[in-house]
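Asker: Attaching a single structure in structure tokens format; questions to follow.
The values are calculated or read from the model by the stated rules, or taken from the named source; none is laboratory data. All of these numbers come straight from a predicted model, not from anything done at the bench. Quick reminder, even Gly has a Cβ in these numbers, built from the backbone with ideal geometry, and neighbours come from all protein chains shown.
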Amino acid sequence: MAWFNSRDPYRKLKKRIGDRKVLDRKEDLMVYAVDASYTAPPGNHDPQLVVLAECTEDVVETVQFARETELPIIPRGMGSGMSAGAVPLGGGIVLATERMKKINDFNVTERWIECEPGLSCAAVKEEASRRQLFYPPDPSSYKISSIGGNLAENAGGLRCVKYGTTRDYVLGLEFVNAEGEVIATGEMADGRDSLDLTSLLIGSEGLLGVIVRKRLRLIPPPKKTYTLIAHFPTVEHAVGVIHAILPELVPSVLEFMDDAVIEAIRGHDPYPFPDGTRAALLVETDGNPDTARMEAERVHEIFTEFEALEIHTAQSAAERERLWNLRRLVSPSLSRLADGKMNEDIVVPIGKMGRLLQRTSEISGLYNIRIPVYGHAGDGNLHLNAMFDKTEPKQVRAAHEAIEKCFEEVVRLGGTITGEHGVGASKRREMKLQFSPEDLHVFREVKRAMDPDGLFNPHKLIPAE
Ligand SMILES: Cc1cc2nc3c(=O)[nH]c(=O)nc-3n(C[C@H](O)[C@H](O)[C@H](O)COP(=O)(O)OP(=O)(O)OC[C@H]3O[C@@H](n4cnc5c(N)ncnc54)[C@H](O)[C@@H]3O)c2cc1C
């Protein structure tokens, strides 16, 4: 290819969008070869090039350049992904949106914000809050993930049980397609949108185009919030509480922690978990003050009916923060149990949660691999963490096999292998467990229709035929 014979093969692109937006030095490229996942396939994943786009036109130019050079494009937000979605397997151009941080518009009366993809989720929340509005999606990574990445993964989080996922707050968007055209969808298309392309792009994991702008729905914030934690003598007691709460109330948070998670937190925080605690639930109710209070009182009653060892209701903002801190400590505490951690974000129907927890415990025993469990129990989204010693090949293998068995159980119970972290490269193979050849054929056809030359994010999500 003529372009490659030049001494600086990327000169043309640098000329078009500006030198300072293009990285091609080895030491810069390696920073963009990883994300926050532990499961990218082994090997060197350095891209050939990183583009730090500053506006939509830069994205368009990069797509044109990629077409000319036949290099694939790997869209990237902040690289907090847990499924190697932004890892450039086989190289290519990493198109990073970290400099695209503009708030384009804000409408308080109609309650929406329009912004670029590189803004963090936290920044969107803060911007809404400054105007007495509320952006509910709440991934634990809200400070370290981009809003573009949140859309591409349909990020979930702690408040999904009441407020839904990122998808429920997207009114419309603009994306750059494989032809380098800017396509507007939903409310951003001014009525010219007939197919629901917004829905197609959300959760598309960078396979269908680069999201460059979005309009997000905001709501009035809850007027009052109550936070409670309860400790139980068995996992079955905690599951009983979940089954009792959900038909009757809509808590805004319903988080589960098992005994291995509690043990890990104990190593880091002097919080006095009562002796004999085998499971804990963190619950919040929110809304107008009377309803939130009545719901919190009812949660307290249900805790008591299910023989909670101890119940604590936060009496101040500081106490609430204290309880939240325990939840935030889960991930770092587990990381100290072992240097290897496979954090899998499965979902099962709520009624099957007890069965899954029991099977996970059996599988853990069978493979001699600890699998602490915590997560967003209110919507059946649990995080199974296989812990292992990275330097022990036998343990690494056992952890993979144990997780594979858990996935099989999840699918058998009518669940899904990923609730919020996406498929990326990490669970691409496992898609065959959950989806039939006919389902996968439909996925491939959608990809072919939107991206016939396979320009965007190859080797991800859809398994090879
Ligand atoms: C400590 C920790 C806690 C986490 N907690 C949660 C949680 O509670 N809930 C949850 O859902 N996730 C969670 N995650 C996972 C992760 O933060 C989310 O998946 C997040 O949405 C990724 O955003 P990002 O900007 O980092 O995207 P990246 O990792 O950069 O990219 C993720 C995927 O999105 C694609 N992409 C990124 N930007 C664009 C764009 N503009 N257009 C098209 N495609 C794009 C990429 O190609 C890639 O496939 C957590 C991660 C960590 C490290």
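Here's the yes/no breakdown for (1) loosely packed, with under 15 Cβ neighbours inside 10 Å; (2) at pLDDT 95 or above; (3) of a type in the set (Gly, Ala, Ser):
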| position | (1), (2), (3) |
| --- | --- |
| Met1 | yes, no, no |
| Asp8 | yes, no, no |
| Lys14 | no, yes, no |
| Gly18 | yes, yes, yes |
| Lys21 | no, yes, no |
| Leu29 | no, yes, no |
| Thr39 | no, no, no |
| Pro42 | yes, no, no |
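Asker: Now for a separate question. If Ser80 satisfies all but one of (1) within 9 Å of the ligand (Cβ to nearest atom); (2) in contact with a Leu (Cβ under 6 Å, 6 or more places away or on another chain); (3) hydroxyl-bearing (Ser, Thr, Tyr), what's the number of the condition it fails?
Answerer: Every listed condition holds for Ser80 apart from (2).
Asker: Further, regarding this structure: Answer yes or no as to whether Ala53 is under 27 Å from Ser120 (Cβ atoms), within 16 Å of the ligand (Cβ to nearest atom) and surrounded by fewer than 21 Cβ atoms within 10 Å (Cβ to Cβ).
Answerer: Values: under 27 Å from Ser120 (Cβ atoms): yes; within 16 Å of the ligand (Cβ to nearest atom): yes; surrounded by fewer than 21 Cβ atoms within 10 Å (Cβ to Cβ): no.
The answer is no for Ala53.
Asker: Another one. Does Ala338 satisfy being more than 16 Å from the ligand (Cβ to nearest atom), without any contact (Cβ under 8 Å) to a residue 60 or more places away in the chain, within 22 Å of His268 (Cβ to Cβ) and out of contact with any Gly (no Cβ under 8 Å at 6 or more places or on another chain)?
Answerer: Working: more than 16 Å from the ligand (Cβ to nearest atom): yes; without any contact (Cβ under 8 Å) to a residue 60 or more places away in the chain: yes; within 22 Å of His268 (Cβ to Cβ): yes; out of contact with any Gly (no Cβ under 8 Å at 6 or more places or on another chain): yes.
Judged against the criteria, Ala338 is a match.
Asker: Further question: Just give me the residues in the range 160-177 being crowded, with 22+ Cβ neighbours inside 10 Å and in contact with an Asp or Glu (Cβ under 6 Å, 6 or more places away or on another chain), in sequence order.
Answerer: Cys160, Val161
Asker: Looking at the range 312-328, which of the residues that are surrounded by 16 or more Cβ atoms within 10 Å (Cβ to Cβ) and of a type outside the set (Phe, Trp, Tyr) is farthest from Asp286 (Cα to Cα)?
Answerer: Of all residues in the range 312-328, those surrounded by 16 or more Cβ atoms within 10 Å (Cβ to Cβ) come to 312-314, 320, 322-324, 326-327.
Next, from what is left, pick out any that are of a type outside the set (Phe, Trp, Tyr): 312-314, 320, 322-323, 326-327.
Values: His312: 17, Thr313: 14, Ala314: 13, Arg320: 13, Arg322: 18, Leu323: 16, Leu326: 20, Arg327: 18 Å.
Of everything passing the filter in the range 312-328, Leu326 is farthest from Asp286 (Cα to Cα).
Asker: Also, quick follow-up: Looking at the range 159-175, can you tell me whether even one residue there is acidic (Asp, Glu), in a strand (DSSP E or B) and touching a residue at least 40 places away in the same chain (Cβ under 8 Å)?
Answerer: So in the range 159-175, the residues acidic (Asp, Glu) come out as 168, 174.
Add one more test, that the residue is in a strand (DSSP E or B), and what stays is 174.
Next, only the ones that are touching a residue at least 40 places away in the same chain (Cβ under 8 Å) stay: 174.
Yes.
Asker: Name the residue that is farthest from Glu401 (Cα to Cα), counting only residues in the range 328-387 that are part of a loop (DSSP other than H, G, I, E, B) and hydrophobic (A, V, I, L, M, F, W, C). Please lay out each step first, then the result.
Answerer: As a first pass, look at the range 328-387 and keep what is part of a loop (DSSP other than H, G, I, E, B): 329, 336-339, 348-349, 368-372, 380.
Subset that is hydrophobic (A, V, I, L, M, F, W, C): 329, 337-338, 348, 369, 371.
On the way: Leu329: 27, Leu337: 20, Ala338: 17, Val348: 20, Ile369: 10, Ile371: 12 Å.
Here the residue is Leu329.
Asker: Right, here's the next one. State yes or no: is Glu465 closer than 30 Å to Val63 by Cβ, at pLDDT below 95 and outside the structural domain of Gly240 (by TED's automatic domain parsing)?
Answerer: On the way: closer than 30 Å to Val63 by Cβ: yes; at pLDDT below 95: yes; outside the structural domain of Gly240 (by TED's automatic domain parsing): yes.
Yes.
Asker: Any idea which of Gly157, Gly209 is closer than 30 Å to Glu263 by Cα, within 11 Å of the ligand (Cβ to nearest atom) and not aliphatic (A, V, I, L, M)? Lay out the reasoning, then the answer.
Answerer: Details: Gly209 fails: closer than 30 Å to Glu263 by Cα.
Result of the check over Gly157, Gly209: Gly157.
Asker: Which one is farthest from Ala377 (Cα to Cα) among residues in the range 247-258 that are touching a strand residue (DSSP E or B) at 6+ places or on another chain (Cβ under 8 Å) and outside any strand (DSSP E or B)? Walk me through how you get there before you give the answer.
Answerer: Start the filter on the range 247-258 by keeping residues that are touching a strand residue (DSSP E or B) at 6+ places or on another chain (Cβ under 8 Å), which leaves 249, 251-258.
In the following step, the residues that additionally are outside any strand (DSSP E or B) were identified as 249, 251-252.
On the way: Leu249: 14, Pro251: 11, Ser252: 11 Å.
Taking the candidates together, the pick is Leu249.
Asker: Return the residues of the range 170-205 that are within 13 Å of the ligand (Cβ to nearest atom) and among the charged types (D, E, K, R); say none if nothing qualifies.
Answerer: Glu174, Glu205
Asker: Among Val34, Val94, which is within 12 Å of the ligand (Cβ to nearest atom), under 21 Å from Pro458 (Cβ atoms) and surrounded by fewer than 22 Cβ atoms within 10 Å (Cβ to Cβ)? First the steps, then the outcome.
Answerer: Values: Val94 fails: surrounded by fewer than 22 Cβ atoms within 10 Å (Cβ to Cβ).
None of the others qualify; the one that does is Val34.
Asker: Under 8 Å by Cβ, and 6 or more places apart or on different chains, what pairs join a residue from the range 136-153 that is more than 24 Å from Arg111 (Cβ to Cβ) and modelled with pLDDT under 95 with one that is of a type outside the set (Ser, Thr, Tyr) and more than 6 Å from the ligand (Cβ to nearest atom)?
Answerer: Ser140/Leu158; Ser140/Arg328; Ser141/Cys121
Asker: Output the number of the condition that Ala230 fails; it satisfies all remaining conditions of (1) touching a Ser or Thr at 6+ places or on another chain (Cβ under 8 Å); (2) surrounded by 22 or more Cβ atoms within 10 Å (Cβ to Cβ); (3) over 29 Å from Arg67 (Cβ atoms).
Answerer: Status for Ala230: all satisfied but (1).
Asker: Let me confirm something: among Glu236, Glu295, Glu263, which residue is outside any loop (DSSP other than H, G, I, E, B) and within 30 Å of Ser129 (Cβ to Cβ)?
Answerer: The unique qualifying residue is Glu295.
Asker: Could you please let me know if Ile113 is of a type outside the set (Asp, Glu), over 20 Å from the mean Cα position of the chain (by Cα), outside the structural domain of Thr285 (by TED's automatic domain parsing) and buried (at least 22 other Cβ atoms within 10 Å of the Cβ)? Spell out the reasoning first.
Answerer: Values: of a type outside the set (Asp, Glu): yes; over 20 Å from the mean Cα position of the chain (by Cα): yes; outside the structural domain of Thr285 (by TED's automatic domain parsing): yes; buried (at least 22 other Cβ atoms within 10 Å of the Cβ): yes.
Judged against the criteria, Ile113 is a match.
Asker: Against the definition (among the polar types (S, T, N, Q), modelled with pLDDT of 95 or more and within 16 Å of the ligand (Cβ to nearest atom)), how does Thr360 come out, yes or no?
Answerer: So Thr360 fails the test.
Asker: Please indicate, with yes or no, whether at least one residue in the range 125-145 is farther than 25 Å from Glu284 by Cα and of a type in the set (A, V, I, L, M).
Answerer: To start, the set of residues in the range 125-145 that are farther than 25 Å from Glu284 by Cα comprises none.
No, the range 125-145 contains no residue that is farther than 25 Å from Glu284 by Cα and of a type in the set (A, V, I, L, M).
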